[in-house]
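Worksheet: the structure to be examined is printed underneath.
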Amino acid sequence: MKVVAALAGSLGLLSLILASWVLAQLSKRLGEVTKMPRYYRGFYISIACLTVAVMAHFLRMSVFLADEMGPPLLHEDAFYLVVYYIPLAVGMTLDLLIAWRYWSWLLRE
């Protein structure tokens, strides 16, 4: 059961990366038409942060499935705070801010 939950979590994170990439492409085209500054480049920074989070998720998944094997650092919550939760939060916050900048006009219409 742990394996299925871990893989499902990984697929969710990978879908966030795909959604960020699609938003980057759409925002790039919208920005070219409306002559906006190139804020869409922040989506690529977000994708990098989310990629770090995915790699940390795979690492954590392998440590949990190995049951107490490996270096002690990999069992620390602070390590996963730095390499998983913070990059995930930064990436999603960037996505939100940049998407709001490009697409908020839809809510006003």
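Quick note: the coordinates plus some simple rules give every number you see, no bench work behind them. Remember, it's a predicted structure, so these values are computed and weren't measured experimentally. All Cβ positions, even for glycine, are placed from backbone atoms using ideal geometry, and neighbour counts span all protein chains on display.
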- For the chain, find the longest principal axis of its Cα atoms and tell me its angle to the long axis of helix 86-103, 0 to 90°, nearest 10. 20 degrees
- Match the structure shown to one of the listed values [x] 10.9; [y] 8.9; [z] 7.9 of mean projected area of the Cα convex hull in nm², computed from it, and give that label. [z]
- Fewest-first sequence of L50, L11 by Cβ atoms within 10 Å of each Cβ: L11, L50
